[in-house]
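The values are calculated or read from the model by the stated rules, or taken from the named source; none is laboratory data. Note that the structure is a prediction, hence the values are computed from the model and not measured. Please note: Cβ atoms are built from the backbone with ideal geometry, for glycine as well, and neighbour counts cover all protein chains shown.
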Amino acid sequence: MWAAGLALCGLMLLGWLYDGYSVEIYRQVRRGLENAAGGVQAVVRKTSAFVLTHPYFAIREVKVLGAEKVKGADIVVMSGLGPHTRIWNIDPAEVEERVRRHPWVKAVLIRRELPARLVITVEEWRPGAIVALDKLYYVADNGVIFKALDEEDSVDFPFITGLRAAELPPREPGTRKKLSQAVAFGQTVERAALGLSEIRFQPGGGIVLYPVSYSVPFHVGWGDWDEKLNRLQWFLREFQGQGARFKAVDLSFRGQVVARPRKRV
C-alpha cells in the first residue's frame with residue numbers, strides 16, 4: 001500500500017517538473033480509479049445476488065405475537081409466505097394487508113429477524129357490545145362494527161338494538177360516534193355492577209337501557225351520562241326489588257327521575 005502511494009507521489013512530482021506531463025498523469029490515475037470502481041460494483045452485484053438467493057436466508061420460522069382469538073397457523077396461511085421464501089423478498093406492507101383481512105385483526109406489524117425468522121405482531125379487536133341487524137355483529141369501543149358472530153363466539157355482551165343498516169357507516173358517519181358513546185355508557189353501567197341486557201336506540205333519538213336485574217326500561221335520552229348514571233343508581237337502591245311496580249322509568253329530564261307505575265288490576 002505504501003509503495004502505491006510512493007509511486008503516485010512520484011508521478012505528481014514529474015508532472016510538476018515537466019510541463020504537459022500532469023495531464024497524462026491525471027488520465028492514468030482517473031482510468032485506474034474507474035477500473036477499480038467497476039471491479040467494486042461487480043463484487044457488490046455478485047454479493048447482493050448471493051445474499052438475496054442463498055438458502056441461509058430462507059424463512060424457517062414465523063412467530064405470531066398478540067393473537068388470542070386468531071390461531072397463529074391461520075395468520076401464517078393468510079400471510080401467503082411460501083416455505084422457501086427468502087426473508088429479503090418479503091414486502092411487509094403487502095403481508096400486513098393480507099393479514100388485516102381477518103375480521104379479528106385490527107392492526108398488524110411485520111418485523112424481520114435475521115437470518116430466517118419473521119415476526120408478525122397482531123392487535124385484535126375487542127368487542128364492547130353486540131349490534132343486532134340482519135345478523136349479530138360485534139362492535140368495538142370506538143363504534144366500529146368489525147365482525148359477524150359465529151356459533152363459537154361469545155354473546156356475553158350487552159345487545160344494541162333499534163338500528164337499521166341504512167343508519168350505519170359509511171352512509172351515516174355520525175352513527176359510529178353514537179355507537180361509541182352508547183357502548184362506553186353501557187360499559188360504565190356494567191362496571192357499576194348493575195348489569196345490562198340491552199341498549200335500544202329510539203327512532204326519535206336517545207337510548208333505552210334494560211338492566212339485567214330490573215325488568216323495567218330506563219329511558220336515558222342522550223348525553224350527561226355520568227349524571228344520569230348517578231340517578232339510575234339512586235333509583236335502583238331506593239326501589240330495590242320493586243321492579244314489578246313500574247312500567248318504565250325516565251331519566252332524560254335533568255335532575256329528575258320520572259317513574260311510570262303499572263296500572264293495578
Does region 186-201 include one or more residues that are crowded, with 19+ Cβ neighbours inside 10 Å, under 25 Å from the mean Cα position of the chain (by Cα) and touching a residue at least 24 places away in the same chain (Cβ under 8 Å)? yes
Please go through region 166-208 and give me each residue that is part of a helix (DSSP H, G or I) and among the aliphatic types (A, V, I, L, M), ordered by number. Ala166, Leu179, Ala182, Val183, Ala184, Val189
Counting only residues that are assigned to a loop (DSSP other than H, G, I, E, B), among the charged types (D, E, K, R) and in contact with a helix residue (DSSP H, G or I) (Cβ under 9 Å, 6 or more places away or on another chain), how many does region 210-265 have? 2
Taking region 225-243 as the region of interest, how many residues are surrounded by 14 or more Cβ atoms within 10 Å (Cβ to Cβ), farther than 14 Å from Val189 by Cβ and modelled with pLDDT of 90 or more? 1
Quick count over region 133-146, residues being modelled with pLDDT of 95 or more, surrounded by fewer than 21 Cβ atoms within 10 Å (Cβ to Cβ) and over 17 Å from Lys177 (Cβ atoms), is 2
Filter pass, Phe185 being in contact with a helix residue (DSSP H, G or I) (Cβ under 6 Å, 6 or more places away or on another chain), outside the structural domain of Asp74 (by TED's automatic domain parsing) and not acidic (Asp, Glu): yes
Looking only at region 83-122, count every residue that is free of Cβ contacts under 8 Å to residues at least 24 places away in the same chain, within 12 Å of Val64 (Cβ to Cβ) and either in contact with a Leu (Cβ under 6 Å, 6 or more places away or on another chain) or loosely packed, with under 14 Cβ neighbours inside 10 Å (or both) and tell me the total. 1
In contact with a strand residue (DSSP E or B) (Cβ under 9 Å, 6 or more places away or on another chain), of a type in the set (A, V, I, L, M, F, W, C) and under 30 Å from Pro217 (Cα atoms): does that describe Leu136? yes
Do we have Ala129 as exposed (fewer than 14 other Cβ atoms within 10 Å of the Cβ) and at pLDDT 95 or above here? no
Among the residues of region 125-165, what is the count of those that are farther than 16 Å from Gly205 by Cβ and not in a strand (DSSP E or B)? 20
